[in-house]
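Colleague: Take a look at the following structure, please.
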Amino acid sequence: MDSDKSELRWGVAQRLEFIEFRLFWEGRVNRSDLMEQFGLSVNQASADLNRYIGFAPDNMVYDKSARTYVRGPDYSAQFLKPDASRYLAQLRSLADGIMDSDDTWIAELPSYDAAPTPTRGVNPVTLRSVVGAIRHSNAIEVKYQSLSRPEPSWRWIAPHAIGFDGFRWHTRAFCKTDEVFKDFLLSRILQTRGTEASDATKAADADWQEHVTLEIGPHPDLSENQKKVIALDYGMRGGKVNIKVRRALIYYALKRLGLDTDPAARQPQDQQIVLLNREVLDENH
């Protein structure tokens, strides 16, 4: 069966994944779902459903009264591993207005919303220029508004990566003015102009290349039951979870996790987690 799967054309494989997605999350799927999502004919939609049954005969059964296929009691995913993060990411994208409801495979959307995040004004032309510089290993001249200066200034940077701190998008770049690798907020790049070849490589950015493992555990002053639920929240095992992060992103990771201040400054119920291996921070100063 596995060899047969590998020989499927991409379009067919995607439709079989769609069938599986609907079965797992919605509990049912029918021809009209495929026809609407992919613009198929009745015959093609039927063929895809029959093809899926050939691969996974126990995964769906036809409900004559409802005129639809429903998830079988012995359902076992064959094409698409159920992923809660992917499902919730779609809801988040919908809430943020990044994705339209027609772009998701979710049939019946639950009521949803998200705490609003201010839209960051990243200019698409600026992003294109930065990505192009990364792709071609070029330096690019940018007009950048730093908060350390009252007025924007032109400078040459050699970007090699894009990074996200949980709220804002950055480019990681070698700054020819300061002669160091640093982060530049894409929204603060006001203008770009010339490009030139650069010999600054991402391999030379030690803070980007090196990773640090943060060991996170429940706050020690929580009750045992509270510690257990925090462990569930963060997928901890043995009272801790390891989070691997680039050294260049440690500051952002700690801030997002609420670990950038002294744990004693907040109530245990508010702090909830602590950094168990704080010595790694000393190693990175």
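Colleague: So, Phe79, is that one outside any helix (DSSP H, G or I), in contact with a Leu (Cβ under 8 Å, 6 or more places away or on another chain) and either touching a residue at least 60 places away in the same chain (Cβ under 8 Å) or not charged (D, E, K, R) (or both) or not?
Modeller: Working: outside any helix (DSSP H, G or I): yes; in contact with a Leu (Cβ under 8 Å, 6 or more places away or on another chain): yes; either touching a residue at least 60 places away in the same chain (Cβ under 8 Å) or not charged (D, E, K, R) (or both): yes.
Yes.
Colleague: Could you please tell me which pairs satisfy a Cβ distance under 9 Å, a separation of 6+ or placement on different chains, a first residue in the range 126-149 that is under 14 Å from Cys175 (Cβ atoms), and a second residue that is of a type in the set (Asp, Glu) and open to solvent by 40 Å² or more (accessible area, probe 1.4 Å)?
Modeller: These pairs meet every condition: Ala139/Glu196; Ile140/Glu196; Glu141/Glu196.
Colleague: Of the numbered conditions (1) over 15 Å from Trp105 (Cα atoms); (2) open to solvent by less than 40 Å² (accessible area, probe 1.4 Å), Glu26 fails exactly one; give the number of that condition.
Modeller: In the conditions (1) over 15 Å from Trp105 (Cα atoms); (2) open to solvent by less than 40 Å² (accessible area, probe 1.4 Å), Glu26 misses (1) alone.
Colleague: Using beta carbons and a limit of 6 Å, which pairs, at least six apart or on different chains, have the first residue in the range 84-106 and in contact (Cβ under 8 Å) with a residue 60 or more places away in the chain and in a loop (DSSP other than H, G, I, E, B) and the second one of a type in the set (A, V, I, L, M, F, W, C) and surrounded by 12 or more Cβ atoms within 10 Å (Cβ to Cβ)?
Modeller: Listed by first residue and then by second, the contacts come to Trp105/Phe18; Trp105/Phe21.
Colleague: I'm told Ile53 meets every condition in (1) surrounded by fewer than 18 Cβ atoms within 10 Å (Cβ to Cβ); (2) in contact (Cβ under 8 Å) with a residue 24 or more places away in the chain; (3) not charged (D, E, K, R) except one. Can you identify the failing condition by its number?
Modeller: (2)
Colleague: Quickly run through the range 216-247 and pick out the residues that are within 30 Å of Phe174 (Cα to Cα) and surrounded by 12 or more Cβ atoms within 10 Å (Cβ to Cβ). Give the derivation first.
Modeller: Quick first cut of the range 216-247, residues within 30 Å of Phe174 (Cα to Cα) only: 242-247.
Correct list: Asn242, Ile243, Val245, Arg246, Arg247.
Colleague: Regarding the range 254-277, can at least one residue be identified that is in contact with a Gly (Cβ under 8 Å, 6 or more places away or on another chain), hydrophobic (A, V, I, L, M, F, W, C) and either free of Cβ contacts under 8 Å to residues at least 24 places away in the same chain or assigned to a loop (DSSP other than H, G, I, E, B) (or both)?
Modeller: Within the range 254-277, one or more residues are in contact with a Gly (Cβ under 8 Å, 6 or more places away or on another chain), hydrophobic (A, V, I, L, M, F, W, C) and either free of Cβ contacts under 8 Å to residues at least 24 places away in the same chain or assigned to a loop (DSSP other than H, G, I, E, B) (or both).
Colleague: Among the residues of the range 59-73, are any touching a residue at least 24 places away in the same chain (Cβ under 8 Å), under 23 Å from Arg9 (Cβ atoms) and assigned to a loop (DSSP other than H, G, I, E, B)?
Modeller: yes
Colleague: Let me ask something else. So Gln271 passes all but one of these: (1) in contact with a strand residue (DSSP E or B) (Cβ under 9 Å, 6 or more places away or on another chain); (2) open to solvent by less than 70 Å² (accessible area, probe 1.4 Å); (3) farther than 27 Å from His170 by Cα. Which condition number does it fail?
Modeller: Only one criterion is unmet by Gln271, namely (1).
Colleague: Okay, next question. Out of Thr201, Thr195, report the one residue that is hydroxyl-bearing (Ser, Thr, Tyr), open to solvent by 80 Å² or more (accessible area, probe 1.4 Å) and over 21 Å from Lys244 (Cβ atoms).
Modeller: Thr195
Colleague: Separate question: Take the residues of the range 81-118 that are within 13 Å of the chain's Cα centre (by Cα) and not charged (D, E, K, R): which is surrounded by the most Cβ atoms within 10 Å (Cβ to Cβ)?
Modeller: Among those that are within 13 Å of the chain's Cα centre (by Cα) and not charged (D, E, K, R), it is Gln90.
The values are calculated or read from the model by the stated rules, or taken from the named source; none is laboratory data. The structure displayed is predicted, hence computed values, not measured ones. Backbone-built Cβ (ideal geometry, glycine too); neighbour counts: all protein chains shown. Calculation scope for accessible area: heavy atoms of the full protein, side chains included, ligands and nucleic acids excluded. Shrake-Rupley method; radii C 1.70, N 1.55, O 1.52, S 1.80 Å.
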